[in-house]
1. Would you pick out the residues in region 100-113 that are open to solvent by 60 Å² or more (accessible area, probe 1.4 Å) and modelled with pLDDT of 90 or more?
2. Right, K191: over 24 Å from K96 (Cβ atoms), surrounded by 14 or more Cβ atoms within 10 Å (Cβ to Cβ), within 19 Å of the chain's Cα centre (by Cα) and in contact (Cβ under 8 Å) with a residue 40 or more places away in the chain or not?
3. Report every pair of residues separated by at least 6 positions or lying on different chains whose Cβ atoms are under 9 Å apart, first residue within region 12-26 and at pLDDT below 80, second of a type in the set (K, R).
4. In region 94-144, how many residues are assigned to a helix (DSSP H, G or I) and touching a residue at least 60 places away in the same chain (Cβ under 8 Å)?
5. Take the residues of region 127-145 that are loosely packed, with under 10 Cβ neighbours inside 10 Å and at pLDDT below 85: which is nearest to I104 (Cα to Cα)?
6. Just one of S59, S74 is of a type in the set (S, T, N, Q), surrounded by 11 or more Cβ atoms within 10 Å (Cβ to Cβ) and at pLDDT below 90; which is it?
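The values are calculated or read from the model by the stated rules, or taken from the named source; none is laboratory data. None of these values were measured; they are calculated from a predicted model. When we count neighbours, we look across all protein chains shown, and the Cβ atoms used for this are built from the backbone with ideal geometry, even at glycine. Note: areas computed on protein heavy atoms with side chains; ligands, DNA, RNA excluded. Shrake-Rupley method; radii C 1.70, N 1.55, O 1.52, S 1.80 Å.
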Amino acid sequence: MELCKEIQDLALGKVRGEDKKMSLRIQLFLMKLQLCLGKQTVTKAIKMEVSEQTKRKDSLSTTNKQTTLSDEISSVEKKLINEHALEVVEKWRERKMSQGIVEIANEERKVILTMVDWLSQHGDEKTKDTVSAIYKDLKEEQLSELCRESCPLCQGTFSECNVKMMTCINGHKFGRCCLTLTLCTDLPSRKCRHCDAPANRLHSRHEGTFLEDLLHQPCTFCNGELL
């Protein structure tokens with residue numbers, strides 16, 4: 001699929017005035033569109049009367065392309081989460097310092113800790129100073145596994161986590177909130193109307209807190225409305 005130069009430049013962030021998150025969202029949209037069009041092409045090709053050998057070659061080539069494209073989509077989604085998490089924790093720290101906040105609510109602490117844990121594992125060199133400073137703000141020496149999320153079903157730790165799913169050591173899987181990066185514990189959780197990314201709901205206990213502003217935001221991946 002060949003894209004016009006204007007769209008390519010926009011996707012690569014070459015258009016002045018477009019922020020990095022917008023550029024990444026456009027890249028993600030175009031990749032998903034390409035993947036979708038690729039699958040449609042495969043379906044049409046299967047219906048054509050071609051030799052079995054040609055079918056196998058075309059199928060293998062298309063599968064390889066789709067696997068590569070899926071990996072690229074995952075990479076862009078991870079970059080979006082990195083940008084989102086860094087933006088959130090920096091705003092949180094600025095608010096904490098400007099308002100002289102000393103006591104941090106447990107739920108808020110868990111959200112920020114989840115985000116800096118993610119950045120410490122998946123962030124780049126630019127995030128190191130921010131991560132170190134926020135660990136210090138959270139009094140890292142007092143943090144334990146009890147401060148981090150555990151599986152609601154078996155209380156096991158989470159051994160495998162990606163941008164949209166968390167899996168505990170016993171195999172229990174949960175959706176991951178695209179705004180807080182914590183477990184989607186609300187049943188049913190909210191979903192993005194465009195990409196189906198899960199998100200926790202806004203509750204009365206969040207009123208007047210940092211989490212109220214955070215949970216009012218649109219989808220991290222596509223800026224869509226969360227319903």
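1. Those that are open to solvent by 60 Å² or more (accessible area, probe 1.4 Å) and modelled with pLDDT of 90 or more: E107, K110.
2. no
3. If the second residue must be of a type in the set (K, R), the pairs left are G13/K20.
4. So the first thing to find is which residues in region 94-144 are assigned to a helix (DSSP H, G or I), and the list is 94-99, 106-122, 125-137, 140-142.
Next cut, touching a residue at least 60 places away in the same chain (Cβ under 8 Å) only: 95, 107-108, 110-111, 114-115, 118.
Of the residues in that region, 8 qualify.
5. Within region 127-145, the first condition is being loosely packed, with under 10 Cβ neighbours inside 10 Å, and the residues that meet it are 129, 141-142, 144-145.
Those still in the list that are at pLDDT below 85 too: 141-142, 144-145.
Details: E141: 15, Q142: 13, S144: 16, E145: 17 Å.
Among those residues, the one meeting the criterion is Q142.
6. Criteria check complete, one pass: S59.
Let's see how each residue does on (1) farther than 19 Å from K91 by Cβ; (2) acidic (D, E); (3) over 17 Å from the mean Cα position of the chain (by Cα):
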site	(1), (2), (3)
Q155	yes, no, yes
E160	yes, yes, no
M166	yes, no, no
H172	yes, no, yes
C184	yes, no, no
E207	no, yes, yes
T220	no, no, no
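Conditions tested, residue by residue: (1) closer than 20 Å to K164 by Cα; (2) in a helix (DSSP H, G or I); (3) among the polar types (S, T, N, Q); (4) modelled with pLDDT under 90.
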{"site": "G38", "(1), (2), (3), (4)": "no, yes, no, yes"}
{"site": "T68", "(1), (2), (3), (4)": "yes, yes, yes, yes"}
{"site": "K79", "(1), (2), (3), (4)": "yes, yes, no, no"}
{"site": "H84", "(1), (2), (3), (4)": "yes, yes, no, no"}
{"site": "V88", "(1), (2), (3), (4)": "yes, yes, no, no"}
